[in-house]
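S.K.: Below is a structure I'd like to ask you about.
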């Protein structure tokens with residue numbers, strides 16, 4: 001029982017990272033119809049940025065948690081203005097080429113300066129130690145990640161469903177042309193939404209720094225699973241991306257714990273789930289078939 | 001209010017409008033009738049600024065709006081009632097109504113909309129696509145009235161509606177007209193058209209074939225109906 005709860009908790013923590021990254025991908029895809037293959041690179045930059053800020057300037061974790069998402073969000077907005085917005089009128093292949101190329105450039109720039117070895121990042125002192133849940137202990141930092149990620153997801157959901165900005169984003173996502181005909185400058189919202197999605201990736205990166213190995217390829221490893229999460233949840237579905245993020249975290253953790261005698265299954269379980277979901281619901285669990293423009 | 005001169009439009013290589021010129025005076029209700037594929041909807045889309053391949057002049061209150069994007073045109077007072085009713089699945093009924101900013105001097109308040117459409121009030125927190133077809137049509141019309149749009153561009157607002165609802169749409173358009181709202185209407189239902197409109201343009205193969213008043217449409221109803229293939 002204790003083992004099961006611990007596995008579950010660990011699954012939710014991995015799921016928190018998937019959810020934050022998938023959420024960013026979902027809002028970006030919804031608004032821009034661009035699949036951002038560079039998302040993992042921005043996650044990596046978030047973690048690396050936190051590491052560099054601490055080791056070279058003594059900037060603590062808490063400051064990095066604010067600085068990196070905002071900084072990367074601004075970088076994302078600049079990249080959207082410079083490159084990404086050109087994709088709207090082009091074949092989707094260019095979407096892949098541009099954002100994947102961006103990934104390689106960002107990864108190699110970091111490699112060039114810091115090499116490929118992993119850098120350690122100490123858990124902030126206020127969050128070291130563990131929390132006693134009665135029947136099991138759990139690292140305080142992981143409890144913090146889980147709470148923080150849930151709060152961020154709830155906050156984003158609240159903004160999207162309860163504010164005028166959220167209403168405009170939903171309308172622009174669902175039917176951009178119609179929304180323009182109702183007097184709304186859809187284009188004005190594209191850049192901030194892209195920056196926001198990138199900021200979420202950066203935030204996940206900073207959160208990952210104390211518990212994952214900080215290295216230039218950390219995003220590349222993670223993003224493959226995140227894409228499976230996005231597809232399972234339904235491309236562009238905000239709720240689906242978050243639910244599938246936590247769900248896949250759980251499935252993965254349980255798979256590793258209870259199917260370890262079948263390594264082939266436990267290592268590929270995410271993609272098995274994805275295949276089954278797509279056979280059953282081609283648009284993903286919470287996706288809607290694309291309405292004709 | 002609206003002046004269109006030598007408007008041509010293309011879908012790729014295919015030309016769907018050929019040098020169309022027409023005028024709608026402030027406070028008028030004018031219909032565009034014609035067969036399917038005659039270019040009626042394209043003409044509305046050109047006025048709204050939603051069709052890319054076009055040439056010619058579109059003037060609103062004497063101002064050339066041909067180069068303005070759709071959202072700027074809407075803010076000048078254009079109200080868009082699309083043929084598919086334009087309901088958002090991810091927005092509630094209330095959100096569908098309040099999404100557009102108010103753009104005219106005489107917008108309906110949300111209270112007034114809900115007073116006029118109790119059915120919408122009852123389902124105000126439901127997704128708009130959960131409404132019946134007739135309710136969605138009322139929602140589309142109520143939305144542009146709430147904007148306070150001065151020129152409504154309505155693409156077949158009666159299509160697929162029961163006679164009772166068709167009458168309701170007619171009442172609504174007549175009331176809008178009484179308040180000085182101008183309407184350009186794509187319509188196949190001639191009986192409905194003569195009941196709400198002042199004048200009619202017959203569009204054929206992308207050209208204005210004829211301009212008619214109500215008495216002319218009534219006296220030639222049979223001929224027109226057989227031409228329209230109804």
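The values are calculated or read from the model by the stated rules, or taken from the named source; none is laboratory data. For clarity, every value in this text was computed on a predicted model and none was experimentally measured. With ideal geometry, Cβ positions are generated from the backbone for all residues, glycine too; neighbour counts draw on all protein chains shown.
S.K.: Kindly indicate whether residue A:109 is more than 19 Å from the chain's Cα centre (by Cα) and either assigned to a helix (DSSP H, G or I) or within 14 Å of chain B (Cβ to nearest Cβ) (or both). Give the derivation first.
M.R.: Numbers: more than 19 Å from the chain's Cα centre (by Cα): yes; either assigned to a helix (DSSP H, G or I) or within 14 Å of chain B (Cβ to nearest Cβ) (or both): yes.
In short, yes.
S.K.: Shifting gears a bit: Restricting attention to segment A:170-189, which residues are surrounded by fewer than 22 Cβ atoms within 10 Å (Cβ to Cβ) and within 21 Å of residue A:81 (Cβ to Cβ)?
M.R.: Scanning segment A:170-189 gives A:176, A:185, A:187, A:188, A:189.
S.K.: Follow-up. What number of residues within segment A:214-236 are at pLDDT below 90, assigned to a helix (DSSP H, G or I) and crowded, with 23+ Cβ neighbours inside 10 Å?
M.R.: Counting residues in segment A:214-236 that are at pLDDT below 90, assigned to a helix (DSSP H, G or I) and crowded, with 23+ Cβ neighbours inside 10 Å gives 0.
S.K.: Has segment A:89-104 got at least one residue that is more than 30 Å from residue A:177 (Cβ to Cβ) and either touching a residue at least 24 places away in the same chain (Cβ under 8 Å) or not in a helix (DSSP H, G or I) (or both)?
M.R.: So in segment A:89-104, the residues more than 30 Å from residue A:177 (Cβ to Cβ) come out as A:103-104.
Now narrow it down to the ones that are either touching a residue at least 24 places away in the same chain (Cβ under 8 Å) or not in a helix (DSSP H, G or I) (or both): A:103.
Checked against the condition, which is being more than 30 Å from residue A:177 (Cβ to Cβ) and either touching a residue at least 24 places away in the same chain (Cβ under 8 Å) or not in a helix (DSSP H, G or I) (or both), segment A:89-104 yields at least one hit.
S.K.: Give segment B:1-27 a look and list any residue that's assigned to a loop (DSSP other than H, G, I, E, B) and either touching a residue at least 40 places away in the same chain (Cβ under 8 Å) or closer than 13 Å to residue B:201 by Cα (or both), or say none.
M.R.: From segment B:1-27, those assigned to a loop (DSSP other than H, G, I, E, B) are B:1, B:12-13, B:25-27; that's our starting set.
B:1, B:12, B:25, B:26, B:27 - these are the residues of segment B:1-27 that are assigned to a loop (DSSP other than H, G, I, E, B) and either touching a residue at least 40 places away in the same chain (Cβ under 8 Å) or closer than 13 Å to residue B:201 by Cα (or both).
S.K.: Out of the helices (runs of 4 or more DSSP H) lying entirely within segment B:53-149, which hold 2 or more residues that are away from every other protein chain (no Cβ under 14 Å)? Spell out the reasoning first.
M.R.: Values: elements: B:70-75, B:93-98, B:110-116, B:118-122, B:133-147.
Of the helices (runs of 4 or more DSSP H) lying wholly inside segment B:53-149, those with at least 2 residues that are away from every other protein chain (no Cβ under 14 Å) span B:110-116, B:118-122, B:133-147.
S.K.: Still on this model: What is the residue count in segment B:28-45 for residues that are in a helix (DSSP H, G or I) and under 11 Å from residue B:229 (Cβ atoms)?
M.R.: Taking segment B:28-45 and keeping what is in a helix (DSSP H, G or I), we get B:40-45.
Still in the running and under 11 Å from residue B:229 (Cβ atoms): none.
Residues flagged as in a helix (DSSP H, G or I) and under 11 Å from residue B:229 (Cβ atoms) within segment B:28-45 amount to 0.
S.K.: May I ask you to list the residues in segment B:159-186 that are part of a loop (DSSP other than H, G, I, E, B) and either buried (at least 23 other Cβ atoms within 10 Å of the Cβ) or at pLDDT 95 or above (or both)? Talk me through it step by step, then tell me what you get.
M.R.: As a first pass, look at segment B:159-186 and keep what is part of a loop (DSSP other than H, G, I, E, B): B:159-162, B:179-181.
Scanning segment B:159-186 gives a single hit, B:181.
S.K.: Another one. What's the total number of residues in segment B:211-230 that are in a strand (DSSP E or B) and surrounded by fewer than 15 Cβ atoms within 10 Å (Cβ to Cβ)? Let's see the steps before the verdict.
M.R.: Residues of segment B:211-230 in a strand (DSSP E or B): B:211-213.
The next check asks that each one be surrounded by fewer than 15 Cβ atoms within 10 Å (Cβ to Cβ); those that pass are B:211, B:213.
Qualifying residue count for the region: 2.
S.K.: Among the residues of segment B:44-55, is there at least one that is within 22 Å of residue B:214 (Cα to Cα), surrounded by fewer than 21 Cβ atoms within 10 Å (Cβ to Cβ) and touching a residue at least 12 places away in the same chain (Cβ under 8 Å)?
M.R.: For segment B:44-55, residues within 22 Å of residue B:214 (Cα to Cα), surrounded by fewer than 21 Cβ atoms within 10 Å (Cβ to Cβ) and touching a residue at least 12 places away in the same chain (Cβ under 8 Å): absent.
S.K.: Just checking, does segment A:201-214 include any residue being in contact with a strand residue (DSSP E or B) (Cβ under 7 Å, 6 or more places away or on another chain) and away from every other protein chain (no Cβ under 14 Å)? Break it down into steps so the answer makes sense when it comes.
M.R.: At the first step, the residues of segment A:201-214 found to be in contact with a strand residue (DSSP E or B) (Cβ under 7 Å, 6 or more places away or on another chain) are A:214.
Adding the requirement that they be away from every other protein chain (no Cβ under 14 Å) leaves A:214.
There is at least one residue in segment A:201-214 that is in contact with a strand residue (DSSP E or B) (Cβ under 7 Å, 6 or more places away or on another chain) and away from every other protein chain (no Cβ under 14 Å).
For (1) touching a strand residue (DSSP E or B) at 6+ places or on another chain (Cβ under 7 Å); (2) touching a residue at least 12 places away in the same chain (Cβ under 8 Å); (3) buried (at least 23 other Cβ atoms within 10 Å of the Cβ), each residue gets a yes or a no:
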| site | (1), (2), (3) |
| --- | --- |
| A:5 | no, yes, no |
| A:9 | yes, yes, no |
| A:21 | no, yes, yes |
| A:26 | no, yes, yes |
| A:36 | no, yes, yes |
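S.K.: So, in segment A:58-77, of the ones that are surrounded by fewer than 14 Cβ atoms within 10 Å (Cβ to Cβ) and without any contact (Cβ under 8 Å) to a residue 12 or more places away in the chain, which residue ends up nearest to residue A:191 (Cα to Cα)?
M.R.: Ranking the candidates gives A:66 first.
S.K.: While we're looking at this one, here's another question. Name the residues in segment A:112-146 that are part of a loop (DSSP other than H, G, I, E, B), surrounded by fewer than 17 Cβ atoms within 10 Å (Cβ to Cβ) and out of contact with any strand residue (DSSP E or B) (no Cβ under 7 Å at 6 or more places or on another chain), would you?
M.R.: Applying the first criterion (part of a loop (DSSP other than H, G, I, E, B)) to segment A:112-146 yields A:115-118, A:120-124, A:128-129, A:133-136.
Right, trim to surrounded by fewer than 17 Cβ atoms within 10 Å (Cβ to Cβ) and you get A:115-118, A:120, A:122, A:128-129, A:133-136.
Listed by number, the residues that qualify are A:115, A:116, A:117, A:120, A:122, A:128, A:129, A:133, A:134, A:135, A:136.
S.K.: Considering (1) away from chain B (no Cβ under 14 Å); (2) modelled with pLDDT under 90; (3) within 13 Å of the chain's Cα centre (by Cα), say which one residue A:198 fails and leave the rest.
M.R.: (2)
S.K.: Also: Consider residue B:30 against the criteria (1) under 28 Å from residue B:143 (Cα atoms); (2) touching a helix residue (DSSP H, G or I) at 6+ places or on another chain (Cβ under 8 Å): it satisfies all of them except one. Which criterion is unmet?
M.R.: That leaves (2) as the condition not met.
S.K.: If you don't mind, another one. May I ask you to say which residue of B:33, B:16, B:24 is more than 10 Å from chain A (Cβ to nearest Cβ) and at pLDDT 95 or above?
M.R.: Details: B:33 fails: at pLDDT 95 or above; B:16 fails: at pLDDT 95 or above.
So the residue among B:33, B:16, B:24 that is more than 10 Å from chain A (Cβ to nearest Cβ) and at pLDDT 95 or above is B:24.
S.K.: Here is a list of conditions, (1) buried (at least 23 other Cβ atoms within 10 Å of the Cβ); (2) within 14 Å of chain B (Cβ to nearest Cβ), and residue A:149 meets all of them except one; can you say which number that is?
M.R.: The one condition residue A:149 does not meet is (2).
S.K.: I would also like to ask the following. What number goes with the only condition from (1) under 30 Å from residue B:85 (Cα atoms); (2) more than 14 Å from chain B (Cβ to nearest Cβ) that residue A:157 does not pass?
M.R.: (2)
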